[in-house]
Amino acid sequence: QVQLAESGGGLVQPGGSLRLSCAASGSILRITAMGWFRQAPGKQRELVARVTTGGGIIEADPVKGRFTITRDNAKNTVYLQMNSLKPAVTAIYYCNADGMLTSSYGLRPFTSWGQGTQVTVSS
């Protein structure tokens, strides 16, 4: 009952920038954290960056200084600004959100994933 809509992926040359967006919708009571994970071919899904409602941020070491995660709590939207892109970051990027939703059974915790957006860095 919580949907995540991602946008902003694509093909970019090395050194370029991309901005990913992810908007959550549905029977949301509150979102406690939103973030981005990525999965490269043949590798496991890994955390890129995550931000809590209170503004706490966790970033993977490889992206520190080049990627910036921000969140608009009023819009239930999270953004990932990616700069100085390198081919090594090529992957499918997935949005993730945790929180509480309302349902006919009352309040329930949820964890939702987006369908993923492809980011390809290549010349």
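The figures follow:
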| quantity | calculated |
| --- | --- |
| Pair R66, R45: separation of 7 Å Cα→Cβ label points (nm) | 2.3 nm |
| Region 90-109 residues near the modelled T53 label - backbone nitrogen below 20 Å, point 7 Å along Cα→Cβ | 96-109 |
| Relative contact order of the chain, pairs being alpha-carbon contacts under 8 Å that are 6 or more residues apart, as % | 36 percent |
| Solvent-accessible area, 1.4 Å probe, carbon plus sulfur percent, for the chain | 50 percent |
| Whole-number accessible area per residue in Å² for the chain, which is evaluated in the context of all protein chains at 1.4 Å | 53 Å² |
| Cα gyration tensor of region 1-92 - equivalent ellipsoid semi-axes, whole Å, descending | 23, 14, 13 |
| Surface/4 of the Cα convex hull for region 41-123, nm² | 7.1 nm² |
| Per-selection Rg to Rh, region 32-77 - Cα, Kirkwood hydrodynamic radius | 1.01 |
| For a label point 7 Å along the Cα-to-beta-carbon line of S17, residues of region 63-77 with backbone N under 19 Å | 63-72 |
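The values are calculated or read from the model by the stated rules, or taken from the named source; none is laboratory data. Model, not experiment: these values are computed from the prediction. Because the Cβ atoms are built from the backbone with ideal geometry, glycine has one as well, and the counts that use them run over all protein chains shown. Protein only, heavy atoms only, side chains kept; ligands, DNA and RNA dropped before computing areas. Shrake-Rupley method; radii C 1.70, N 1.55, O 1.52, S 1.80 Å.
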